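The values are calculated or read from the model by the stated rules, or taken from the named source; none is laboratory data. Because the structure is predicted, anything quoted here is derived from the model rather than measured. Quick reminder, even Gly has a Cβ in these numbers, built from the backbone with ideal geometry, and neighbours come from all protein chains shown.
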Amino acid sequence: MNSHSILPFFALPLLLAGAVGCNKARPQQQPGAGMQALPVQTLTVAAIPVPQSDEYVATIKSRRSATINPQVDGTLTKILVQSGNHVTAGQLLMQIDPMKQEATLAAQAATAQQKLAVYQYNQLQVERQRKLFAAGIISKDALDQAEQAYSNSKADYESSTASRNEQEKELAYYRITAPFEGIVGDIPVHVGDYVSSSTMLTTVDENKDLEAYIYIPTERAAQVRNGLGVQILDNNANPVETTSVDFVSPQVDNQLQGILVKAPIHSPLLRTQQLVKARVVWGMSPKPVVPVLAVTRLGGQAFVFVAQDAGGGHFIAHEQAISLGDTIGNNYAVLAGLNNGDKVIVSGTQFLQDHMPVMPLPSGPPAGPPPAAQHHAGS
């Protein structure tokens with residue numbers, strides 16, 4: 001056997017023993033030991049007044065909104081506007097065929113002219129008869145007959161004139177005009193349709209003096225009052241307008257089992273009949289808040305990192321689960337999980353891990369990643 005092949009066989013136990021001895025001598029490191037502390041900015045948690053609120057679906061309505069129905073029956077011959085047009089008060093919107101009514105008016109006007117001629121003739125006659133009676137030429141009976149004929153013709157003419165005026169007013173109903181300045185709504189009818197007083201032609205809404213109609217559940221009846229704060233929200237839950245309740249219905253809606261409240265709206269971004277979210281603010285209560293950017297989420301659970309004193313002037317990042325409320329500006333209201341005085345880490349959170357060493361800074365720009373994190377990112 002070669003001496004070179006025998007040597008490793010006897011040296012192997014010695015090498016194994018040396019390796020075991022080295023493992024026993026090496027101390028076990030604690031998590032985070034030897035890591036460089038990450039400089040971070042912190043924010044001390046303090047309670048501030050936070051609104052207590054609920055969100056409801058509200059409908060924007062105009063105080064001046066009209067549904068246009070014809071007052072006469074007939075065939076629609078003209079539609080002079082389109083949905084969405086801005087119209088002024090008295091502007092012609094549609095025309096119903098007026099030919100039959102015009103003929104009726106012409107006949108009534110001719111009758112009135114005939115009655116006028118009779119009335120004027122009897123007026124001359126009665127004046128003549130009065131002079132003859134004063135001269136003793138005719139009897140009192142003849143004068144009375146002339147007076148009676150005059151009175152009858154006068155009443156007949158006045159009645160005919162009233163009928164003609166009535167027909168003229170009815171002719172105006174064949175012209176559909178805007179009752180006030182506003183925006184034309186949907187037009188479900190077409191030229192050639194036969195319409196009646198039950199036919200909805202269109203709507204005209206004045207897009208100002210708007211109100212938000214909000215139905216509050218009866219469970220909140222004791223808290224509903226004038227002056228309650230209301231925030232109208234956009235699709236991203238950002239306030240579009242802040243207003244307050246100025247009307248509370250004395251009755252409960254039977255179908256919705258809610259109490260109608262109204263709040264004035266002035267924002268030009270809102271339109272009548274628009275559905276929006278309305279946040280009703282019941283009051284204020286002190287709650288801790290944290291910046292939105294300090295919050296991380298995992299599996300639907302919200303977390304923040306808190307700078308926790310580890311003793312000896314050292315701090316570690318502690319991952320703390322929290323329950324969030326509404327947003328207040330750039331902050332979240334915290335319902336549970338934090339106490340006043342906790343130091344929430346607000347910078348470098350993307351580089352943090354639970355129990356990682358940190359070095360709180362009183363102020364300054366957000367810290368970058370530690371060298372280990374930089375090396376890992378580049379590897």
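A residue that is over 30 Å from Gln231 (Cα atoms), assigned to a loop (DSSP other than H, G, I, E, B), without any contact (Cβ under 8 Å) to a residue 24 or more places away in the chain and not assigned by TED's automatic domain parsing to the domain that holds Pro250 occurs nowhere in the range 193-216. How many of the residues making up the range 150-177 are among the hydrophobic types (A, V, I, L, M, F, W, C) and part of a strand (DSSP E or B)? Total meeting the criteria: 1.
Beta carbons closer than 8 Å, at least 6 apart along the sequence or on distinct chains, pair a first residue in the range 73-90 that is over 13 Å from Val189 (Cβ atoms) with a second that is part of a strand (DSSP E or B) and small (Gly, Ala, Ser) for His86/Gly182; Val87/Gly182. Those strands (runs of 3 or more DSSP E) of the range 236-284 in which 3 or more residues are over 18 Å from the mean Cα position of the chain (by Cα) and either within 17 Å of Ala222 (Cβ to Cβ) or of a type in the set (Gly, Ala, Ser) (or both) occupy 247-253. Of the residues making up the range 83-105, those that are touching a strand residue (DSSP E or B) at 6+ places or on another chain (Cβ under 8 Å), closer than 13 Å to Ala178 by Cα and not small (Gly, Ala, Ser) are Asn85, His86, Val87, Gln91, Leu92, Leu93, Met94, Gln95.
Candidates Gly136, Gly192: the one that is on the phi > 0 side of the Ramachandran plot and at pLDDT 95 or above is Gly192. Candidates Val189, Val240: the one that is under 28 Å from Leu92 (Cα atoms) and not hydroxyl-bearing (Ser, Thr, Tyr) is Val189. All but one of (1) in a helix (DSSP H, G or I); (2) among the charged types (D, E, K, R); (3) in contact (Cβ under 8 Å) with a residue 40 or more places away in the chain hold for Asp186, so report the exception by its number. Just one mismatch for Asp186, condition (1). Can you name the condition, by its number, that Phe180 falls short on among (1) touching an Asp or Glu at 6+ places or on another chain (Cβ under 7 Å); (2) assigned to a strand (DSSP E or B); (3) of a type in the set (Phe, Trp, Tyr)? Answer for Phe180: the failing condition is (2).
For the range 311-338, taking the residues that are in contact (Cβ under 8 Å) with a residue 40 or more places away in the chain and farther than 25 Å from Pro51 by Cβ, the one that is surrounded by the most Cβ atoms within 10 Å (Cβ to Cβ) is identified as Ala317.
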